[in-house]
Amino acid sequence: MYTLSGVTKRYTRGKSTVDALADVDLTIEDGGRLVIQGPTGGGKSTLLQMLGGLDRPTAGSVELDGVDLTKLSEAKLTKVRAQNIGFVFQSFNLIPTLTAQENVETALVPLGGRPAERRRRAAEALDSVGLGERLGHLPSEMSGGQQQRVAIARALVKQPKVLLADEPTGNLDESMRDEVMEVLETMWKEHGLTFIMVTHDSAIARRAPRLATIRKGRVTITENAAA
């Protein structure tokens, strides 16, 4: 479970200061699904970075399962990310010279284990997102939707508790968007993940049971009973 208390992230721009996040209190239950929306520059990605331990707040605490991420050393924070948090980004972030299977394996390298076991797990993860026949393909040999499914497999192969997605459909057309969202929603349900996603797409936001709207650094939560 995530518990955010009084989280503020302040940036200095010349002689002025800007609060990307302003005194945010937020609880996200295990297995919950939250979509984050708001205008450009409103603090959406900043909030996701706090949840992923990719940045630290100016003030406040970000607890994951009772551990305050803001107080961990960089080494311990890196370990938490490697073991417990999967990331999916808008730009896929695949290594162009590696095959789909090799790209997925990169998420397992920090965790150790034998190469044969890493290959097996990577193959299973790709099969789970419908790419079992694309193990040896390079990113350039796949569509945008397929590349994003490789990125999802890479995020999930280490069996994290949390999946964070930052505009994962932002580079896709409508049909590929729906394809990727179906994969993400299926993985959330099947693996019991805590799934948190940033999006500009209102059609996607309407499908989520919980919506966090950020404006000028402040968060408003809306529950969607129909989702």
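Every number here is computed from the coordinates shown, using simple stated rules; none is lab data. Because the structure is predicted, anything quoted here is derived from the model rather than measured. Note: ideal-geometry Cβ built from the backbone for every residue, glycine included; neighbour counts use all protein chains shown.
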Legend entry - Two-site FRET efficiency, GLU63 against ILE221, from Cβ-Cβ distance with R₀ of 22 Å, rounded to 0.05: 0.80
Inset, instruction - Place a +1 charge on the Cβ of each Lys and Arg in the chain and a -1 charge on the Cβ of each Asp and Glu, then give the dipole magnitude about the Cα centre in debye, rounded to the nearest 20. - result: 740 debye
Inset, instruction - Sort TYR11, TYR2 so that the residue with the fewest other Cβ atoms within 10 Å of its own Cβ comes first and the one with the most comes last. - result: TYR11, TYR2
Legend entry - Percent of beta bridges antiparallel (DSSP, region 155-227, rounded to nearest 5): 55 percent
Inset, instruction - Kindly provide the Kirkwood hydrodynamic radius of the chain in Å, to one decimal, from all pairs of distinct alpha carbon atoms. - result: 18.1 Å
Legend entry - ARG114-LYS79 pseudo-label distance in nm [points 7 Å out on the Cα-to-Cβ vector]: 2.5 nm
Legend entry - Dipole magnitude (debye, nearest 20) for region 87-127, charges at Cβ of Lys, Arg, Asp, Glu: 120 debye
Inset, instruction - Excluding residues fewer than 8 places away in the same chain, name every one of the lysines whose C-alpha is closer than 23 Å to that of LYS189. - result: LYS158, LYS161
Inset, instruction - Multiply the residue separation of ALA203 and ASP25 by 0.36 nm, subtract the distance between their alpha-carbon atoms, and state the gained length in nm to one decimal. - result: 61.5 nm
Inset, instruction - Would you mind pulling out the separation of the Cα centroids of region 52-121 and region 141-159, in Å? - result: 15 Å
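Rank by packing, highest mean first: peptides 19-25, 76-82, with packing defined as the count of other Cβ atoms within 10 Å averaged across residues.
Descending mean neighbour count gives 19-25, 76-82.
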Inset, instruction - For LYS76, list the aspartates and glutamates whose Cα falls under 16 Å from its own Cα; do not include residues on the same chain fewer than 8 positions away. - result: ASP55, GLU63, ASP65, ASP68
Inset, instruction - State the answer as a single residue: which of GLN83, ALA155, HIS200 lies farthest towards the positive end of the charge dipole of region 77-227, with beta carbon charges of +1 for Lys and Arg and -1 for Asp and Glu, about the Cα centre. - result: GLN83
Inset, instruction - Give the cross-link partners of LYS71 among the lysines, using a straight C-alpha distance below 16 Å as the criterion and excluding same-chain residues fewer than 8 apart. - result: LYS9, LYS79
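Gain in length, THR8 to SER140, computed as 0.36 nm per residue apart minus the alpha-carbon separation, to one decimal in nm?
Contour length minus Cα-Cα distance gives 43.5 nm.
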Inset, instruction - Using the 2.2 N^0.38 Å rule of thumb for compact globular proteins, work out how region 165-227 stacks up: its C-alpha Rg over that value, please. - result: 1.15
Legend entry - Mean separation of Cα contacts under 8 Å (6+ apart) over length of the chain, as relative contact order %: 28 percent
Inset, instruction - Subtract the Cα-Cα distance of SER16 and ASN171 from 0.36 nm times their separation in residues, and report this length gain in nm to one decimal. - result: 52.4 nm
Legend entry - Rounded to 5, the percent of DSSP beta bridges in region 2-223 classed as antiparallel: 55 percent
Legend entry - Burial ordering of ARG56, ARG121, ARG13, fewest other beta-carbon atoms within 10 Å first: ARG13, ARG56, ARG121
Inset, instruction - Would you mind ranking THR40, THR194, THR106, THR169 so that the residue whose beta carbon has the fewest other beta carbons within 10 Å leads the list? - result: THR40, THR106, THR194, THR169
